[in-house]
Amino acid sequence: MAKKISAMDIYKLLPKINCKKCGESSCMAFATKLQERKASLDQCPVLKSPKFEKNRKKLEELLSPPVKEVWFGYKDRKAILGGEEVMYRYELTFFNPTAIGVDISDKLSEEEIRRRAKFIEDFFFERTGEKLKLDFIALRNASDDPERFVRALEIIQESTKVPVALCSLNVESIERALDVVKSKPLIYAVTEQNFPEMMKMLISKKKDKKDFAVVLSSSNIKTLKGMVKASLSHGIEDLVLDPHTTPENIMDTLDRFVMIRRSAIERGDKLLGYPILGLPINTYFYVLSGNNPIGQFVKELDKAAAIMEASAACAMLNRYADGIIIHGTEIWELMPILTLRQAIYTDPRKPQAVEPGLYPIGNPDENSPVIMTTNFSLTFYTVTGDFEKDGVTCWLLVMDTEGKAVDVAVAGGQYCGENAKKLIEETKIGEKVNHRIIILPGLAAPVRGDIEEKTGWTCVVGTRDSSQVGEFLRKNWNRILEEWRAKQGSGN
Ligand code: SF4
């Protein structure tokens, strides 16, 4: 099993003079940052002196992840693949979210190519405060015509600045595209069949100082290793592995993905320590062809193809695909893929939290309701999204629950009277409203008494689901407010 690197292993090779030039208080603190990949060796100027050259080399070796990080695209807009260190997210974290590419066929008209490229560049949707986007264009040489391929590339480059994967098995097409490409491309693919010619051409381009990353493609892992070895011997080092996506049996594909990743991370097999590329697009066209079991039952083959493609993409995201290429661009297909990617690549060491405090929703005034939620970002964005949709106007108090959702924070003791009191004092909400009523989420009912006791405010338990808050307020808020005022007037 590959050995995990500790901060102490790194520290031993640092200068150990605590000069603080790296911005850290000590060499040990810098070692911890390096281990967490929150700093780079360049930040230590002392390591650049000839005296530390050997140590620097050892550190570079020590810090290189078992799965090489490979990038392509522009310096300021890269698609990054790989760079992973662990099999399971909870062991550390996953670093580089799977890059998602959408294909463009060079058989499309110029107008269609431009439109699709622009769509890929501009597409995003927002979830928990993060913009989820597509990462690259996979230009397919479906025509097998080098002329058309190059023209399609030119159109893409004229209208967008998105990283491009040049997808063709035709050596001439790739060679000519390499002459006009303006960014570092990913070349798909070197196969067992075109290996000698494609490699010869790539080696000569390398000599001309062309920079590119290359996908090696074979369903046989031994063969893949041989191809890696040969590529490295020619100085072609930015490699990506395509162990074939077989839509007829996606389990076989996933087995190969797992085998490669396990060999790289757990057995330290350097020849397999490269990012993996998955092709859900194969599933799309397999289903679309109708020449498969699904075609017998589903009439709308394009919809079935997109659904099956999304399923294959999600399975690959769960099984170490560092990059995928898809075809479908329907929002209902992209949303689950991008959402799952976000969930997998969220750093488990960092709570997903927003700033606690007071958030006015709409244009609240002194009579508006005060609602108290948690600072778990998924809760926060769901609540504010629901309120916005339903036209809710209120003062939203966001409690620091260390990024935990309401039920978890109630059970863990973070959603409690003490924290509510602190929040009320810090936000001075009492100066903004002429009542002392807080509406709690339904799941916070067990701590109602504690919050009332510690804050002196009246707590009303609202709905469990924030989508029902608008309706709840329309029906009840005026009554709640009047009853509270009547109670104050009567002195009870
Ligand atoms: S700059 Fe280098 S030598 Fe100085 S404290 Fe940082 S790690 Fe240590």
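In the set (1) in contact with a Ser or Thr (Cβ under 8 Å, 6 or more places away or on another chain); (2) free of Cβ contacts under 8 Å to residues at least 12 places away in the same chain, Val469 fails one condition alone, (2). When the test is whether a residue is under 19 Å from Thr93 (Cβ atoms) and within 12 Å of the ligand (Cβ to nearest atom), Ala29 does not pass it. Which residues, taken from the range 338-369, are at pLDDT 95 or above and either among the aromatic types (Phe, Trp, Tyr) or closer than 14 Å to Glu402 by Cβ (or both)? Listed by number, the residues that qualify are Pro356, Tyr359. Does Lys303 qualify as being under 29 Å from Asp252 (Cβ atoms), basic (Lys, Arg) and part of a helix (DSSP H, G or I)? For Lys303, the condition - under 29 Å from Asp252 (Cβ atoms), basic (Lys, Arg) and part of a helix (DSSP H, G or I) - is met. A single entry from Val46, Val70 fulfils the requirement of being of a type in the set (A, V, I, L, M), within 15 Å of the ligand (Cβ to nearest atom) and surrounded by 15 or more Cβ atoms within 10 Å (Cβ to Cβ): Val46. Is there a residue being within 30 Å of Val180 (Cα to Cα) and either within 12 Å of the ligand (Cβ to nearest atom) or in contact with a Lys or Arg (Cβ under 7 Å, 6 or more places away or on another chain) (or both) anywhere in the range 84-98? Yes, that holds for at least one residue.
Each residue in the range 1-15 was checked for being exposed (fewer than 13 other Cβ atoms within 10 Å of the Cβ) and within 12 Å of the ligand (Cβ to nearest atom), and 0 of them qualify. Within this structure, Gly489 fails the test of being touching a helix residue (DSSP H, G or I) at 6+ places or on another chain (Cβ under 9 Å) and not aliphatic (A, V, I, L, M). Contact annotation: residue pairs with Cβ atoms under 6 Å, 6 or more positions apart or on different chains, pairing a residue in the range 18-32 that is within 12 Å of Leu47 (Cα to Cα) with a partner that is hydrophobic (A, V, I, L, M, F, W, C) and within 6 Å of the ligand (Cβ to nearest atom), are Cys22/Phe30; Cys22/Cys44; Cys27/Leu14.
Is there any pair with a first residue in the range 41-61 that is in the same structural domain as Ser26 (by TED's automatic domain parsing) and of a type outside the set (S, T, N, Q) and a second that is assigned to a helix (DSSP H, G or I) and away from the ligand (no atom under 14 Å from the Cβ) whose Cβ atoms are under 7 Å apart and which are 6 or more apart or on different chains, and what are they? Here the result reads Leu41/Glu60, each pair linking the range 41-61 to a residue that is assigned to a helix (DSSP H, G or I) and away from the ligand (no atom under 14 Å from the Cβ).
Filtering Ile250, Ile331, Ile276, Ile294 for residues that are closer than 23 Å to Val190 by Cβ and of a type in the set (A, V, I, L, M, F, W, C) leaves a single hit, Ile276. If only residues of the range 377-398 that are in contact with a Pro (Cβ under 6 Å, 6 or more places away or on another chain) and part of a strand (DSSP E or B) are counted, the one that is farthest from Glu431 (Cα to Cα) is Val398. For Asp407, the conditions (1) outside any loop (DSSP other than H, G, I, E, B); (2) under 25 Å from the mean Cα position of the chain (by Cα); (3) among the charged types (D, E, K, R) are fulfilled apart from (2). State which residue is surrounded by the fewest Cβ atoms within 10 Å (Cβ to Cβ) when the search covers only the range 16-43 and only residues that are within 29 Å of Asp269 (Cβ to Cβ) and of a type in the set (A, V, I, L, M, F, W, C). By that ranking, first place goes to Leu41. Scan the range 66-83 and tell me whether some residue there is touching a residue at least 24 places away in the same chain (Cβ under 8 Å) and farther than 27 Å from Lys270 by Cβ. Yes, the range 66-83 contains at least one residue that is touching a residue at least 24 places away in the same chain (Cβ under 8 Å) and farther than 27 Å from Lys270 by Cβ.
The values are calculated or read from the model by the stated rules, or taken from the named source; none is laboratory data. Because the structure is predicted, anything quoted here is derived from the model rather than measured. Because the Cβ atoms are built from the backbone with ideal geometry, glycine has one as well, and the counts that use them run over all protein chains shown.
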